[in-house]
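Reviewing the structure listed below.
The values are calculated or read from the model by the stated rules, or taken from the named source; none is laboratory data. This one's a predicted model, so the numbers in the text were calculated from it and none came from an experiment. All Cβ positions, even for glycine, are placed from backbone atoms using ideal geometry, and neighbour counts span all protein chains on display. The accessibility values were calculated without ligands, DNA or RNA, using every heavy atom of the protein model including side chains. Shrake-Rupley method; radii C 1.70, N 1.55, O 1.52, S 1.80 Å.
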Amino acid sequence: MPKISRKTVLTVLLYLGIVAITPLCSKAPFYRHVLIMVGLYGLLGVAWNIMGGYTGLYSFGQSAYFGIGAYTSTMLLVKAGVSPWIGMICGGILAAIVAAGVAYPCSRLRGPYFTIASQAVARTFQILMTNWDYVEGAIGIPLPLMADTWWLMQFKGKMPYHIIIFSLLGIAILVCYYIERSRTGYYFRAIRDSEEVASSLGIDTVRQRIIAAMVSAFFTAVAGTFYAQYVLYIDPESVTQHALSIEIVMVAAVGGAGTIWGPVLGAAILMPISQYARALLGGAGRGIDLILYGIIIMLIAVVRPTGILGFFQRKPAIEGEGGDDIGTTITASTGTDDEVRGSAGQS
Amino acid sequence: MNVGLVQALLSGLLMGFVYSLIALGLSLIYGVMDVVNFAHGEFLMLGMFLAYWFSVLFRLDPLISIFIIIPLLFVVGVGVYKGLIKRILNGTRISQILTTFGLSVFMANMAMFLWTPNYRLAERTLTRATGDLPIFGVHVGIPEVIASLGSIIVFALAYYLIRFTRTGRAIQATSIDSEGARLVGINIDNIYAITFGLGISCVGAAGVLLATFYYIFPYVGTFFSMIAFATVALGGFGSVEGSFVAGILIGIIESLGGFFISPAVKYAIVFMTYMVVIILRPATGLFGW
């Protein structure tokens, strides 16, 4: 367990302060909606980062886990009247199990192969949900309007949602913080930097990757439940769509993959841009936020692959050979560990 | 044999030739430059829209405008290489993935912005008016037949170019060992530019041929990208012959899946095929070298 330093205490206080003060700046519902979106995508970005930023599995299929979270809690609520809080945990566990099932066979895949595989899984999931009558297929499920209570996670105002999402984000950040300082965190980064070396040091790379995928999927599903409760309507198009997966990668990559605060920063930068662009331009500006995203991500990838936080964090995450800032804070793809088959499977 | 089954096999086969051509571009770029082009499907979309606009604005049949669009897309491909891809060739994996992915997001949404999300069909094509062609009691659309014949021709031309010309040999040499190729005096940068342009031309040509009968909309590329990944994984990343056979297989798997299970889930079956192949034979696919 890492020691609680003064810096940690200050960081926690600063986080709580910002979370408490920002919604008070304006009473406009749209402003508060943007803040909640920052929290939601911050959470999704942090979750992606545990897998992508730390172990180097760049998933472009997070929407599947988001969808599992949204559908699990909603189905439990609609069919059995179970509280979304319980549904949130169930969805998270279910997503973690699915993630383990996907990660195990895919754990030998590297770089683009894993990315394509994650997309294939997410798209298959979307097709299945669209065609599964029990969950109303493409029609989607409107959540029944119930009492304004914490137990059912339904509120008239936006403040309770704000508190919930930033609490969840806080928990995810704490988990991330813990992972980064624990033995597991060192395993993760060792695997990301060189699979062979990590493996030769006796790290069970498959096991570590599965752990990362499960934690990541759990938080993504939790965010999915929150989304369902916030919007009160889900359908395959909104909770399993591909654009969602893209946005998740975007916030993490723009802010800085492999850093704790990077995804939060990315969400805080990108979400206002996309929300206000959509609001201002309306139907005429269809897709304009994604055009901007496309340009931003190309620029970031070409000019500054460490993300925006890379500007501030000069210190390499891991000391060692080749420990320049780009190599260690984002990825160190040496020729050998990019091969599609990893250390095993040479047949 | 059941007529429906023959019909499904035949349409799968015809579509398969188009998939082969799409996959060739992706495989070529990967094999030579070691970059997975996530924007591949978007270049297909671009080819489709170009064919559409040529047919609407200049009343040119896609089968005629293809002779303009192929060189045009070659230039576009070289431009994208010089402006973007070249900068990430020595970059990290994640920057390569993000760059081509960003390009795909940019292109798809730019098309959405410029041309609205409406579904369109190319008008006034020579091929559309002529209807069905009965073969052995089953009916296949003439546009599909023409598209697959066109794909075979373009594929054959690209194959000839890669295997039997001087430039093609330089491309092959670069693919095998870029440092070695540089040592014997091949200009690697030019070869990369040509390869990228060639890959984009191939997928664009497939787009033009598809435009004669397929719906044209900004996000059409994302599905074809996934199909192309599945095809290339099956054929082996970097294998030209593998792309050809795998394209046909994927076309047949897709249409048989639609026939035996449900048309709604046929793409899910294709994606699962990708998963199975990539897990069982990760590096080589079925025919990789």
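Checked against (1) within 20 Å of A:Tyr65 (Cβ to Cβ); (2) modelled with pLDDT under 90, A:Ala221 passes all but condition (2). Selection of first residues in region A:101-128 that are within 7 Å of chain B (Cβ to nearest Cβ) and of a type in the set (Lys, Arg) and of second residues that are part of a helix (DSSP H, G or I) and open to solvent by less than 10 Å² (accessible area, probe 1.4 Å), restricted to Cβ pairs under 6 Å at least 6 apart or on distinct chains, gives the following pairs, ordered by first then second residue: A:Arg123/B:Phe271.
Among the residues of region A:164-185, write down those that are without any contact (Cβ under 8 Å) to a residue 60 or more places away in the chain and under 16 Å from A:Phe226 (Cβ atoms).
Initial filter on region A:164-185 (without any contact (Cβ under 8 Å) to a residue 60 or more places away in the chain): A:167, A:171, A:174, A:183-184.
The answer is A:Ser167, A:Ile171.
Each residue in region A:257-273 was checked for being under 24 Å from A:Gly287 (Cα atoms) and in contact (Cβ under 8 Å) with a residue 60 or more places away in the chain, and 8 of them qualify. Is there a residue in region B:252-264 that is within 14 Å of chain A (Cβ to nearest Cβ), charged (D, E, K, R) and either buried (at least 23 other Cβ atoms within 10 Å of the Cβ) or touching a Ser or Thr at 6+ places or on another chain (Cβ under 8 Å) (or both)? Looking through region B:252-264, at least one residue is within 14 Å of chain A (Cβ to nearest Cβ), charged (D, E, K, R) and either buried (at least 23 other Cβ atoms within 10 Å of the Cβ) or touching a Ser or Thr at 6+ places or on another chain (Cβ under 8 Å) (or both). The conditions of being among the β-branched types (Val, Ile, Thr), away from every other protein chain (no Cβ under 13 Å) and open to solvent by less than 10 Å² (accessible area, probe 1.4 Å) are met by A:Val46. Answer with yes or no whether A:Ile191 is modelled with pLDDT under 85 and among the β-branched types (Val, Ile, Thr). It is true that A:Ile191 is modelled with pLDDT under 85 and among the β-branched types (Val, Ile, Thr).
Test B:Tyr52 against the stated conditions and say whether it is open to solvent by less than 10 Å² (accessible area, probe 1.4 Å), among the hydroxyl-bearing types (Ser, Thr, Tyr) and under 24 Å from B:Ser104 (Cα atoms).
Answer is no for this residue.
Yes or no: A:Ser26 of a type in the set (Ser, Thr, Tyr) and exposed (fewer than 15 other Cβ atoms within 10 Å of the Cβ)? Yes; evaluated as a whole, the condition is true for this residue.
Consider B:Phe224 carefully, then state whether it is in contact with a Gly (Cβ under 8 Å, 6 or more places away or on another chain), within 22 Å of B:Tyr52 (Cβ to Cβ), modelled with pLDDT of 85 or more and within 14 Å of chain A (Cβ to nearest Cβ). Judged against the criteria, B:Phe224 is a match.
Scanning region B:86-113 for residues that are within 7 Å of chain A (Cβ to nearest Cβ), open to solvent by 10 Å² or more (accessible area, probe 1.4 Å) and aliphatic (A, V, I, L, M) yields a count of 4. Mind listing whichever residues of region B:27-49 are among the charged types (D, E, K, R) and open to solvent by less than 20 Å² (accessible area, probe 1.4 Å)? Scanning region B:27-49 gives a single hit, B:Glu42. Scanning region A:137-163 for residues that are open to solvent by 20 Å² or more (accessible area, probe 1.4 Å), over 29 Å from A:Val264 (Cβ atoms) and touching a residue at least 40 places away in the same chain (Cβ under 8 Å) yields A:Ala138, A:Ile139, A:Pro142, A:Pro144, A:Leu145.
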